[in-house]
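The values are calculated or read from the model by the stated rules, or taken from the named source; none is laboratory data. Predicted model only: the values in this text are computed from it and were never measured. Here the Cβ positions follow ideal geometry from the backbone for every residue, glycine too, while neighbour counts run over all protein chains shown. These area figures cover heavy atoms from the full protein model, side chains too; ligands, DNA and RNA do not enter into them. Shrake-Rupley method; radii C 1.70, N 1.55, O 1.52, S 1.80 Å.
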Amino acid sequence: MEAEIGNFQLPRLSLRAKVSLLIVIPILIVLAVSTYVAYHNQRARTLASMSLLASQTGEVIEAALQRDMLASDFDGIQHTLDSIASNGSIQTLVLLDTSGKIVFAPQELGVGERLDNRSESCQPCHAYEPSSRPSGIVVSLEDGSSVFRSMHPIENQPSCTGCHPAEQRLIGLLLTDFSIA
């Protein structure tokens, strides 16, 4: 015998089929939920690891540039950025002043341009107050690709006051986009 719903007829299920469905359906639901939770936990751990790596990379790059900055060796700064950017996993590496103007970039691409912090790729961070902005975040670029963006503020130090006013807390920002393809 078959049950009829509208023009669609459901076959009658045997007791064995009903018991099987009562076992299989909850198992599938538990499997789906546990996969979803595991995915999000793994994603959070991966993003935390990327954030730590990006932060450490920013510190290493800043340390590599610091000697050249203090000596006003601008060719040395350019050479360092060119060398670091030759690594295929870094898509963007720019040194910005506090107004958002690109001061140094690999191959001097974009030097002198001012980044617009209202652009779509900047809003994931600039939507927050400066004190609560993340140091790294996944952003979607205009070409549709996703990158892990790290923003490493460069703080003014006593040794920097030869070129920068002592009362200026930040003197720049190192912006790095890491490919996550």
Between a residue in region 62-80 that is within 19 Å of Gln107 (Cβ to Cβ) and any residue that is outside any loop (DSSP other than H, G, I, E, B) and among the aromatic types (Phe, Trp, Tyr), which pairs come within a Cβ distance under 8 Å, given they are 6 or more apart or on different chains?
Asp68/Phe74; Phe74/Phe104; Ile77/Phe104; Gln78/Phe104
Taking the conditions exactly as written (surrounded by 15 or more Cβ atoms within 10 Å (Cβ to Cβ), of a type outside the set (Gly, Ala, Ser) and touching a His at 6+ places or on another chain (Cβ under 9 Å)), does Asp82 satisfy them or not?
no
Within region 72-90, can one find any residue that is closer than 22 Å to Arg133 by Cβ and in contact with a strand residue (DSSP E or B) (Cβ under 8 Å, 6 or more places away or on another chain)?
yes
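Matching residues to (1) surrounded by 11 or more Cβ atoms within 10 Å (Cβ to Cβ); (2) at pLDDT 80 or above; (3) among the aliphatic types (A, V, I, L, M); (4) within 28 Å of Phe178 (Cα to Cα):
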position: Met1; (1), (2), (3), (4): no, no, yes, no
position: Gly6; (1), (2), (3), (4): no, no, no, no
position: Val24; (1), (2), (3), (4): no, yes, yes, no
position: Ile27; (1), (2), (3), (4): no, yes, yes, no
position: Val37; (1), (2), (3), (4): no, yes, yes, yes
position: Arg43; (1), (2), (3), (4): yes, yes, no, yes
position: Ile77; (1), (2), (3), (4): yes, yes, yes, yes
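Of all the strands (runs of 3 or more DSSP E) wholly in region 97-157, which have at least 3 residues that are open to solvent by less than 30 Å² (accessible area, probe 1.4 Å)? First the steps, then the outcome.
Working: elements: 102-104, 136-140, 146-155.
Per the criteria, 146-155.
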Given (1) among the aromatic types (Phe, Trp, Tyr); (2) under 23 Å from Glu155 (Cα atoms); (3) within 22 Å of the chain's Cα centre (by Cα), where does Tyr39 come up short, assuming only one miss?
(2)
Take Ile171 and tell me if it is touching a residue at least 60 places away in the same chain (Cβ under 8 Å) and more than 16 Å from Ala63 (Cα to Cα).
no
